[in-house]
Amino acid sequence: MNKLIIANWKENPQTLTEAVSLAKAIDDENLVIAPPYPFLETVGKVIKKASLGAQDLFWEDGGAFTGGVSGSQLKDLGVKYVIVGHSERRRLGDTDEVVAKKVAAAIRNNIIPIICIGEKREERKAGQSKSVIEKQLKAALSLVKDQKSKVAMVIAYEPVWAISTEPGAEPDTPENAVSMIKFMKTLVPSSYSLVPRFIYGGSVNANNAEGFLREKEIEGALVGGASLKEQGIKEIIKIARQYGN
Ligand code: PGA
């Protein structure tokens, strides 16, 4: 299977012109581009090979929810993937329960959720990495655990301490990422007819991407900071192509 690279632009760039020019420059079939909401429609129109991703969604499909953006609205714009449970959203109030509702909303609207799971630095230091991951992942899947039909999902191991904008951030080692992914696989309900894809995220760049992407267990990468630099993301895509099949 091809390795999947997710370009999570976060709250960048600041203008549509920049967004369009970057999207055109990095367009590739192994890529999901997740721009900020206001740029989704135009970026969706200029990309020819990449898939369109959103960075979040609200769990209700419509109604009196000021500021909410629904899965159905995203679907209507051609969004194929949506990031759910990113640590930057969890920090702003997305609880495990909220993440579960968002995962269910994505699936209900035929959008593939990219579910972010990862422990904080202090939890890691306290030896709680696996228990935190287990709690987050089980909760995220709790409303879709009986799903028997084909449900596509991407699950990203994103240790919070490895995200490039965290103070003192350092990328995980490929060995640890593989072992966490193997552990996460044991937590996915066996009733799922479609096995989720597991990817890694946290300070992935052109220099370290190969270490992760050559691992069979790591089926892609979620890239933040480095996805805003044309050369950097192109290099990561090249590496992904080399190790995909
Ligand atoms: P980073 O971000 O690549 O800048 O560490 C990854 C993420 O937050 O998803």
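What follows is calculated from the coordinates using simple rules that are stated; it is not laboratory data. This structure is a prediction, so every number in the text was calculated from the model and none was measured. Heads up, the Cβs are rebuilt from the backbone with ideal geometry, glycines too, and the neighbour counts pull from every protein chain shown.
Sorting 108-119, 135-146 by their mean Cβ neighbour count within 10 Å, with the most densely packed peptide first, gives 108-119, 135-146.
Using a cutoff of 8 angstrom between alpha carbon atoms and counting only pairs six or more residues apart, the relative contact order for the range 157-245 works out to 28 percent. Averaging 1/r over each pair of different alpha-carbon atoms in the range 110-188 and inverting the result gives 13.5 Å, the Kirkwood hydrodynamic radius. Across the range 198-215, coupling constants 3J(HN,Hα) worked out from phi with the 6.51/-1.76/1.60 Karplus curve, θ = phi - 60°, read 10, 10, 10, x, x, 6, 6, 9, 5, 7, 10, 4, 4, x, 7, 6, 7, 6 Hz, and Gly and Pro carry x.
The radius of gyration of the Cα set in the range 114-245, together with its Dmax, comes out at 14.9, 43 angstrom.
To the nearest 20 debye, what charge dipole does the chain have about its Cα centre, counting +1 at the Cβ of each Lys and Arg and -1 at the Cβ of each Asp and Glu?
Working: 33 positive and 30 negative charges, 119 e Å.
Its charge dipole is roughly 560 debye.
Among 166, 11, sorting on how many other beta-carbon atoms sit within 10 Å of each Cβ, with the fewest leading, yields 11, 166. Scaling against 2.2 N^0.38 Å puts the C-alpha radius of gyration of the chain at 0.94. Have a look at 25, 133, 204 and report the one farthest towards the positive end of the charge dipole of the chain, computed about the Cα centre with Cβ charges (Lys/Arg +1, Asp/Glu -1). The one lying farthest along the dipole's positive direction is 133. Put a dot 7 Å past the Cα of residue 216, heading toward its Cβ, do the same for residue 66, and the two dots end up 5.4 nm apart.
Can you sort 227, 190 so the residue with the fewest Cβ neighbours within 10 Å comes first?
Values: 227 26, 190 6.
Result, fewest neighbours first: 190, 227.
Note on the chain: helix-only mean residue ellipticity at 222 nm, from DSSP H runs of 4+ residues weighted -39500 (n - 2.57) and normalised by residue number, equals -10000 deg cm²/dmol.
Once C-alpha pairs closer than 8 Å and six or more residues apart are averaged by separation and normalised to the residue number of the chain, the relative contact order reads 22 percent. In order along the range 170-177, the phi-based Karplus estimate (6.51 cos²θ - 1.76 cosθ + 1.60, θ = phi - 60°) of 3J(HN,Hα) comes to 9, x, 5, 8, x, 4, 5, 4 Hz; Gly and Pro are listed as x. The fewest-to-most ranking of 173, 15, 42, 66 by surrounding Cβ atoms within 10 Å reads 66, 15, 173, 42.
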